[in-house]
Amino acid sequence: QVQLVESGGGLVETGGSLRLSCAANGDTRIINAIGWYRQAPGEQRALVAQVTNFGSTNYAESVKGRFTISRDNVNYTAYLQMNNLKPEDTAFYHCHAAGWYGDIWGQGTQVTVSS
């Protein structure tokens, strides 16, 4: 089994930066891709960014050019560097791993961007 442990998040002003971390513990061989989804109040959860085992990345259009996802393959930790944050980035961010046996979710962390 795999557990995802998140850190980072918090409150930041518009234009500021934050970095989220997601450490995967357990049998990480079963993970094909890792990334983040976010959910704002009244909205559905949506993909923010993802990186595959081959290093391919995928970003939501709204974060392209501002967010960067990376991965430390030694410690199996993924990072989401978020720059030039906007109030519309305010949401609950969940780490997600696509595994052999289905989806794996972290506990989530709140990101709030004040205007």
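Worth a mention:
- From the list ASN84, ASN25, ASN32, the lone residue that is over 10 Å from the mean Cα position of the chain (by Cα) and over 25 Å from GLN1 (Cβ atoms) is ASN84.
- Taking region 62-115 as the range and being open to solvent by 60 Å² or more (accessible area, probe 1.4 Å), more than 22 Å from LEU11 (Cα to Cα) and of a type in the set (D, E, K, R) as the test, only ASP103 passes.
- For region 4-39, the set of residues classified as assigned to a strand (DSSP E or B) and without any contact (Cβ under 8 Å) to a residue 60 or more places away in the chain consists of SER21, ALA23, ASN25, GLY26, TYR37, GLN39, listed by residue number.
- Scan of region 41-72 for residues that are of a type in the set (Gly, Ala, Ser) and at pLDDT 95 or above, ordered by number: ALA46, ALA49, SER56, ALA60, SER62, GLY65, SER70
- Only residues that are charged (D, E, K, R) and not in a loop (DSSP other than H, G, I, E, B) were counted in region 40-79, giving 3.
- Consider region 20-42 and keep the residues that are loosely packed, with under 15 Cβ neighbours inside 10 Å and in contact with a strand residue (DSSP E or B) (Cβ under 7 Å, 6 or more places away or on another chain). The one that is farthest from ASP72 (Cα to Cα) is ALA40.
- Filtered residues of region 43-54 (kept if under 24 Å from VAL74 (Cβ atoms), touching a strand residue (DSSP E or B) at 6+ places or on another chain (Cβ under 8 Å) and either open to solvent by 20 Å² or more (accessible area, probe 1.4 Å) or among the basic types (Lys, Arg) (or both)): GLN50, THR52, ASN53
The values are calculated or read from the model by the stated rules, or taken from the named source; none is laboratory data. On a predicted model such as this, the values are computed, not experimentally measured, just so you know. Because the Cβ atoms are built from the backbone with ideal geometry, glycine has one as well, and the counts that use them run over all protein chains shown. All accessible areas refer to the heavy atoms of the entire protein, side chains included, with ligands and DNA or RNA removed. Shrake-Rupley method; radii C 1.70, N 1.55, O 1.52, S 1.80 Å.
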